[in-house]
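Report on one structure; see the data block that follows.
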Amino acid sequence: MAGALQKAGAAARGAAAGAAAGAGAGAGAGAGVGAGAGRGAAPAAQFFDIAANLTDGMFARGEYHGRAYHEPDGDLVLERAWAAGVRRIMVTGGALAESREALDLARRDPRLVCTVGVHPTRCSEFEAAPGGGAAHLDALLALAREGQAEGKCAAVGECGLDYARLQFCPKETQQAWFRAQFGLAETTGLPMFLHLRDAADDFLQILHENRARFGQAVVHSFDGSLETLERLLAFDGVSIGVNGCSLRTEENLAVAARIPADRLMLETDAPWCEVKNSHAGSKFLAGPRPAAKEKKKFQRGLPVKGRNEPAGIAQVLEVLAGARGEEPEVLAAQVYENSCKMFRVSALETGESPGRG
């Protein structure tokens with residue numbers, strides 16, 4: 001992905017030209033919201049995608065489940081994002097090596113920032129590290145500080161608890177290293193980018209125990225109950241991230257409608273968590289999906305069917321605004337401001353050329 005995204009970094013200074021390359025097929029993500037992008041019209045809404053796994057092999061190598069199907073197309077993925085009104089993207093780091101890749105990627109485009117941390121399902125890497133868990137944590141801290149000094153590391157994470165996939169890492173290991181990563185936030189002063197899946201009680205207890213060690217946080221890809229939402233919102237400075245996986249059922253939609261607008265953020269969690277036709281929220285989509293090709297029939301310039309990408313954030317907005325009975329552009333403006341404030345990046349205006357950092 002490095003070579004492909006270097007081209008995107010160069011194209012970033014001329015976003016209008018880059019947008020045109022992918023607009024015909026990809027910029028239509030979310031009819032009525034940003035639908036005119038790449039055709040001479042500025043997108044109606046601006047977005048900060050706070051969760052995009054752009055180092056994943058699907059983007060970096062055209063690889064799915066260990067098998068390569070097509071050439072890397074990260075440059076075009078970013079072009080479609082900019083065309084759809086995405087102004088900022090936070091690249092997710094889920095392990096030490098992946099966090100290094102995320103930081104390296106963020107350096108290539110002024111609109112990208114990243115996280116540094118270890119995902120709960122991968123916390124066994126602390127105990128498997130040659131120098132031990134403490135040294136591994138120190139390496140994460142050094143990387144976070146390096147990225148922070150460059151204005152590129154915007155959050156500690158992705159860290160938290162995931163009891164839905166205990167086959168990858170046991171509870172005790174997840175809990176120990178979730179607690180340890182609060183130290184990264186405490187030392188750097190960075191907000192936290194948190195993961196919660198099927199572990200609400202333990203997650204909330206650990207959050208309570210460590211409340212003095214972090215200032216702000218977002219619980220991303222939230223799909224929990226109304227009770228869990230209310231318990232999270234009881235923590236000042238904790239916001240909620242919503243993507244397609246947050247909007248699958250009628251209950252999800254009802255819970256998402258209760259998130260205060262000033263505590264809400266949007267994301268894609270690409271290449272996963274797209275808004276699917278089978279989701280309850282799809283009824284709020286006003287227009288057709290952008291054209292896409294199966295990975296086996298990859299066509300450069302078109303999205304890959306079933307692979308989410310940052311341009312799809314417009315559909316997340318469309319569904320969420322519909323579920324809440326709000327105007328999409330008004331909601332988008334509030335959410336964009338929320339995200340820029342927490343992650344301490346400037347709020348770029350439409351048509352503004354991004355500066356460094």
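The values are calculated or read from the model by the stated rules, or taken from the named source; none is laboratory data. What you see is a predicted model, and the numbers here were worked out from it, not measured in a lab. Cβ atoms come from the backbone with ideal geometry, glycine included; neighbour counts cover every protein chain shown. With ligands, DNA and RNA removed, areas are computed over all heavy atoms of the protein, side chains included. Shrake-Rupley method; radii C 1.70, N 1.55, O 1.52, S 1.80 Å.
Let me check something: with ligands and nucleic acids excluded, how do R344, R211 order by accessible area (1.4 Å probe), largest to smallest?
Descending order: R344, R211.
Any idea which of F126, G312, T173 is furthest toward the positive side of the dipole for the chain, if Lys and Arg beta-carbons carry +1 and Asp and Glu beta-carbons -1?
Positive-most Cα among the choices belongs to G312.
Please report, ordered by residue number, every helix of the chain (full DSSP H runs) that is 20 Å or longer along its axis going by C-alpha atoms and whose mean Kyte-Doolittle hydropathy reaches -0.5.
Span-like helices, by this rule, are 133-149, 328-342.
For the range 246-357, just say rounded, prolate or oblate: build the C-alpha gyration tensor, square-root its eigenvalues into a ≥ b ≥ c, call rounded for a/c under 1.5, and beyond that prolate if a/b exceeds b/c, oblate if not.
Taking the square roots of the gyration eigenvalues as a ≥ b ≥ c, the range 246-357 is oblate.
From a point 7 Å beyond the Cα of A129 in the direction of its Cβ, which residues of the range 75-111 have a backbone N at a distance under 14 Å?
Of the residues in the range 75-111, 94-100 have backbone N under 14 Å from the label point off A129.
Relative contact order for the range 162-317 using alpha-carbon pairs under 8 Å, separation at least 6, rounded to a whole percent? Intermediate results must be reported in sequence, preceding the final value.
Working: 218 pairs, mean separation 26.4, N = 156.
Relative contact order comes out at 17 percent.
If I ignore ligands, DNA and RNA and count only protein heavy atoms, how much of F178 is accessible to a 1.4 Å probe, in Å² to the nearest 10?
It works out to around 0 Å².
Amide H to amide H, which residues 5 or more places from L54 or on other chains are under 5 Å from it, using H placed in the peptide plane?
Those qualifying (amide H under 5 Å, at least 5 residues apart or on another chain) are T92.
Using a 1.4 Å probe on the protein heavy atoms, what percent of the accessible area of the chain belongs to carbon and sulfur? Before the final figure, lay out each step's value.
Numbers: 6710 of 13490 Å².
The nonpolar share, carbon plus sulfur, comes to 50 percent.
Search the structure for amide H atoms under 5 Å from the amide H of A44, placed 1.01 Å from N in the peptide plane, and list their residues when 5 or more places away or on another chain.
Under 5 Å from the amide H of A44 lie the amide H atoms of G34, A35, G36, each far enough along the sequence or on another chain.
Out of every Cα pair in the range 51-92, what percent are spaced more than 13 Å from each other?
55 percent
Just want to confirm a number: the relative contact order over the chain, from Cα pairs under 8 angstrom separated by 6+ residues, in percent.
Reported relative contact order: 21 percent.
What is the sum of charges, Lys and Arg at +1 and Asp and Glu at -1, for the other residues whose Cβ falls under 13 Å from the Cβ of F126?
-2
Kindly report, to the nearest 10 Å², the accessible surface of V345 as traced by a 1.4 Å probe over protein heavy atoms only.
Probe radius 1.4 Å; accessible area of V345 about 20 Å².
For T121, T115, what's the largest-to-smallest order of accessible area, 1.4 Å probe?
I get T121, T115, largest accessible area first.
How much mean residue ellipticity at 222 nm does the chain get from its helices, if each DSSP H run of length 4 or more adds -39500 (n - 2.57) and you divide by all residues, to the nearest 500 deg cm²/dmol?
On the way: 13 runs with 140 residues, N = 357.
Counting only the DSSP helices, I get -12000 deg cm²/dmol.
Output wanted: per-residue J couplings in Hz (rounded whole) for the range 235-247, from phi through Karplus 6.51 cos²θ - 1.76 cosθ + 1.60, θ = phi - 60°, x for Gly and Pro.
Couplings: 8, 4, x, 9, 10, 10, x, 10, 9, x, 5, 7, 10 Hz.
Normalise the Cα radius of gyration of the range 33-146 by 2.2 N^0.38 Å (N = residues in it) and let me know the number.
1.25
Taking R0 as 56 Å, what's the FRET efficiency between A139 and D262 from their Cβ-Cβ distance, rounded to 0.05?
After rounding to 0.05, the efficiency reads 0.95.
Can you give the FRET efficiency to the nearest 0.05 for E250 and D202, using r as the Cβ-Cβ distance and R₀ = 22 Å?
0.20
With the cut-off at 1.5 for a/c, could you classify the range 125-213 from its C-alpha gyration tensor as rounded, prolate or oblate?
Taking the square roots of the gyration eigenvalues as a ≥ b ≥ c, the range 125-213 is oblate.
Explain nothing, just the number: dipole magnitude of the chain about its Cα centre with +1 on each Lys and Arg Cβ and -1 on each Asp and Glu Cβ, in debye rounded to the nearest 20.
Numbers: 39 positive and 43 negative charges, 210 e Å.
For this selection, approximately 1000 debye.
At 1.4 Å probe size, with every protein chain present, just tell me what the per residue accessible area of the chain comes to in Å².
Solvent-accessible surface per residue comes out at 38 Å².
How big is the Cα convex hull of the chain in projection, averaged over all directions, in nm²?
Result: a mean projected hull area of 15.7 nm².
So how much slack lies between E209 and R344, counting 0.36 nm per residue of separation and subtracting their Cα-Cα distance, in nm?
46.0 nm
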